[in-house]
């Protein structure tokens, strides 16, 4: 057995004054996040929200416990008391060496007093103090136990989208009725990241009251006063029509209130396209963003509706930088059956793509979900397709199926879903109070990237 797989303790009668042990660790980004998760300390500095991730030097206190429990005295040790002083915080890449030294033994209680000292890579003291432990009385020597595997939930897909916005000017965004903490915080976060430039539409007094409660500085943001949520929706849509904003964002009003103003024939934002919704999913077990459409707007879409639903999603993926997205038209089975309308629609959509009625993508269907996202499943069933196992877009047969798929991924696969409505004159950002900060930011980033691509296309057309 290798030495690093072996562990032994030092019972009370073996310990001598002056005995010492130490460990050295280099702080990684994962360490910072795990420290926050284990301690419950949600200070944003641990996650890099206010610069590079850092941890307080009390992280050294945890490492001191590791030395005491695994080296000196080792297995069987019980903490009695500690007194530690902490210095500066540690950043990713900093090293810390924790050394414990026996300074006193107390035979009457079986306790041992140890000096604890932590220094960084420059030998600067960042932690010092003492620990009192109850030393083991019996010898132990044996194999070192394996640490449990811990997986950190990452958001690389969303982070990449947000990072792409840093090279763009913030998108002017009309926010309808941002009158609660959740919606105004989402606006402030996206504005702080320079993704959007907010135009707040709603009761000015209520907006200021929420901002004061959250210590959000509204200076530099335009506020359009509107007495209630219906009026806020109408005025926000009007701001877009007047060219004051290139994005529309839902605040603390019902989605149907906002969408009623959007689809109004004379004063809304409708185009020749059918309006549809896309969830841009960050699924931990899938290697790229996965779009589900439509799970929020069209209840029982017709074949004609699905043409626009597919084209809206394809245009979105193209705007996000993918050259030729792979579109899977989902059904319960992967063969065409007259008994299942979804399979007939899938076959028709594929032929329409062949004839240029849908452009910019590789489209195949009907495909069952497993065949759409798993090459192994597709191979087992003998499906030869450029889409199977590599789908970027999942087109569901109806809203019920899409909603269940979205919630299945969210609650059973720990996926996040950024939401955006397409087919109107501008992208519409739909956020929920249940969304995480990262999801809200991603929704804004996706909309901003789409608007930026649309702006570029219009510039080229004008030339």
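The values are calculated or read from the model by the stated rules, or taken from the named source; none is laboratory data. Here the structure is a predicted model, which is why all the values come from computation and not from measurement. Backbone-built Cβ (ideal geometry, glycine too); neighbour counts: all protein chains shown.
Only one of (1) surrounded by 15 or more Cβ atoms within 10 Å (Cβ to Cβ); (2) assigned to a loop (DSSP other than H, G, I, E, B) is not met by residue 236, so which one is it?
Here residue 236 meets the rest and fails (2).
Which residues, counting only those in the range 354-376, are in contact (Cβ under 8 Å) with a residue 24 or more places away in the chain, assigned to a helix (DSSP H, G or I) and in contact with a helix residue (DSSP H, G or I) (Cβ under 9 Å, 6 or more places away or on another chain)?
Of all residues in the range 354-376, those in contact (Cβ under 8 Å) with a residue 24 or more places away in the chain come to 357-369, 371-373.
Applying the additional criterion that residues be assigned to a helix (DSSP H, G or I) yields 369, 371-373.
The answer is 369, 371, 372.
Look at residue 460 and say whether it is at pLDDT 95 or above and either surrounded by fewer than 21 Cβ atoms within 10 Å (Cβ to Cβ) or in contact with a strand residue (DSSP E or B) (Cβ under 6 Å, 6 or more places away or on another chain) (or both). Outline the logic, then answer.
Values: at pLDDT 95 or above: no; either surrounded by fewer than 21 Cβ atoms within 10 Å (Cβ to Cβ) or in contact with a strand residue (DSSP E or B) (Cβ under 6 Å, 6 or more places away or on another chain) (or both): yes.
So residue 460 fails the test.
From (1) in contact with a helix residue (DSSP H, G or I) (Cβ under 7 Å, 6 or more places away or on another chain); (2) crowded, with 21+ Cβ neighbours inside 10 Å; (3) in a loop (DSSP other than H, G, I, E, B), pick out the condition that doesn't hold for residue 286.
All conditions pass for residue 286, except number (2).
All but one of (1) in contact with a helix residue (DSSP H, G or I) (Cβ under 6 Å, 6 or more places away or on another chain); (2) at pLDDT below 95 hold for residue 292, so report the exception by its number.
Condition not satisfied by residue 292: (2).
Would you mind telling me which numbered condition in (1) closer than 24 Å to residue 164 by Cβ; (2) buried (at least 24 other Cβ atoms within 10 Å of the Cβ) residue 201 fails?
It is condition (1) that residue 201 fails.
I need every pair where a residue in the range 68-82 that is free of Cβ contacts under 8 Å to residues at least 12 places away in the same chain has its Cβ under 8 Å from the Cβ of a residue that is assigned to a loop (DSSP other than H, G, I, E, B), sequence separation at least 6 or different chains.
69/75; 69/77
Tell me yes or no: at least one residue of the range 180-190 is surrounded by 24 or more Cβ atoms within 10 Å (Cβ to Cβ), touching a helix residue (DSSP H, G or I) at 6+ places or on another chain (Cβ under 9 Å) and part of a loop (DSSP other than H, G, I, E, B).
So far as the range 180-190 goes, no, none of its residues is surrounded by 24 or more Cβ atoms within 10 Å (Cβ to Cβ), touching a helix residue (DSSP H, G or I) at 6+ places or on another chain (Cβ under 9 Å) and part of a loop (DSSP other than H, G, I, E, B).
Of the conditions (1) in contact with a helix residue (DSSP H, G or I) (Cβ under 6 Å, 6 or more places away or on another chain); (2) in the same structural domain as residue 442 (by TED's automatic domain parsing); (3) over 30 Å from residue 287 (Cβ atoms), residue 209 clears all except one; give me its number.
Condition not satisfied by residue 209: (1).
Please verify whether residue 216 is in contact with a strand residue (DSSP E or B) (Cβ under 6 Å, 6 or more places away or on another chain) and touching a residue at least 24 places away in the same chain (Cβ under 8 Å), treating the condition exactly as stated. Can you show your working first?
Numbers: in contact with a strand residue (DSSP E or B) (Cβ under 6 Å, 6 or more places away or on another chain): no; touching a residue at least 24 places away in the same chain (Cβ under 8 Å): yes.
Answer is no for this residue.
Having 3 or more residues that are crowded, with 18+ Cβ neighbours inside 10 Å, free of Cβ contacts under 8 Å to residues at least 12 places away in the same chain and in the same structural domain as residue 250 (by TED's automatic domain parsing) is the bar; report the strands (runs of 3 or more DSSP E) wholly within the range 388-434 that clear it.
Counting at least 3 such residues, we get no strands (runs of 3 or more DSSP E) at all.
If we keep just the residues of the range 191-226 that are part of a loop (DSSP other than H, G, I, E, B) and at pLDDT 95 or above, which is farthest from the chain's Cα centre (by Cα)?
The selected residue is 226.
Only one of these conditions is not met by residue 366: (1) over 28 Å from the mean Cα position of the chain (by Cα); (2) surrounded by 23 or more Cβ atoms within 10 Å (Cβ to Cβ); (3) at pLDDT below 95. Which number is it?
Of the numbered conditions (1) over 28 Å from the mean Cα position of the chain (by Cα); (2) surrounded by 23 or more Cβ atoms within 10 Å (Cβ to Cβ); (3) at pLDDT below 95, the odd one out for residue 366 is (3).
Look at residue 52 and say whether it is modelled with pLDDT of 90 or more, in the same structural domain as residue 127 (by TED's automatic domain parsing) and either under 30 Å from residue 159 (Cα atoms) or surrounded by 21 or more Cβ atoms within 10 Å (Cβ to Cβ) (or both). Outline the logic, then answer.
Numbers: modelled with pLDDT of 90 or more: no; in the same structural domain as residue 127 (by TED's automatic domain parsing): yes; either under 30 Å from residue 159 (Cα atoms) or surrounded by 21 or more Cβ atoms within 10 Å (Cβ to Cβ) (or both): yes.
Against the criterion (modelled with pLDDT of 90 or more, in the same structural domain as residue 127 (by TED's automatic domain parsing) and either under 30 Å from residue 159 (Cα atoms) or surrounded by 21 or more Cβ atoms within 10 Å (Cβ to Cβ) (or both)), residue 52 does not qualify.
So how many residues does the range 308-343 have that are closer than 20 Å to residue 402 by Cα, in contact (Cβ under 8 Å) with a residue 40 or more places away in the chain and assigned to a helix (DSSP H, G or I)?
Final tally of qualifying residues: 12.
Working only within the range 241-258, note down all residues that are closer than 19 Å to residue 422 by Cβ and surrounded by 22 or more Cβ atoms within 10 Å (Cβ to Cβ).
If the condition is that a residue be closer than 19 Å to residue 422 by Cβ and surrounded by 22 or more Cβ atoms within 10 Å (Cβ to Cβ), then 245, 246, 247, 248, 249, 250, 258 are the ones that fit.
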